[in-house]
Amino acid sequence: LTIEQLLGINKFAVDDDQAHIIVKKEICALCLNKPCTFACPANLYKLKDGQISFDYAGCLECGTCRAICPQATAALSWQYPRGGFGVNFRYG
Ligand code: SF4
């Protein structure tokens, strides 16, 4: 199976009322390399017209974006999803 196929096996309980990661795009706009667009294993950070676009719905809760972001304390509000929400890993 490809990585995309393996990721597709996982199930997500998306919390539509409370995002567990909030990206402050005005701070991201100042970041030169935008490593989140390369490092997120779920490819949730994308560049559109030079601006970061992000959707937390497919998040694997790995913490890579928080670890790799040079402005993480200012640019990201990161916490695990509330109980009952988030990724449910399936190992095929
Ligand atoms: Fe992507 Fe991991 Fe950050 Fe979720 S925690 S957005 S999967 S890098």
Solvent-accessible area of Leu7, probe 1.4 Å, all protein chains present, reported in Å² to the nearest ten, please.
50 Å²
In order over the stretch 8-13: 3J(HN,Hα) from phi, Karplus 6.51/-1.76/1.60, θ = phi - 60°, whole Hz, x for each Gly or Pro, gives x, 6, 4, 10, 10, 9
With +1 on the Cβ of every Lys and Arg and -1 on the Cβ of every Asp and Glu, the dipole magnitude of the chain about its Cα centre, in debye rounded to the nearest 20, is 180 debye
Can you give me the Cα centroid spacing of the stretch 9-43 and the stretch 47-92 in angstrom?
4 Å
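Considering only protein heavy atoms and a 1.4 Å probe, what is the carbon-and-sulfur percentage of the accessible area of the chain?
C and S fraction of accessible area: 54 percent.
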Taking trypsin sites (Lys or Arg not before Pro) as candidate sites, keep only those in a DSSP loop with at most 15 other Cβ atoms within 10 Å, then name the longest stretch of the chain containing none of them.
25-81
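Counting only heavy atoms of the protein chains, get the accessible area per residue of the chain (1.4 Å probe) and round it to a whole Å² value.
Numbers: 6120 Å² over 92 residues.
Here the per-residue accessible area is 67 Å².
The values are calculated or read from the model by the stated rules, or taken from the named source; none is laboratory data. The shown structure was predicted, so the numbers you read here are calculated from the model rather than taken from an experiment. All Cβ positions, even for glycine, are placed from backbone atoms using ideal geometry, and neighbour counts span all protein chains on display. SASA here: full protein model, heavy atoms, side chains in, ligands and nucleic acids out. Shrake-Rupley method; radii C 1.70, N 1.55, O 1.52, S 1.80 Å.
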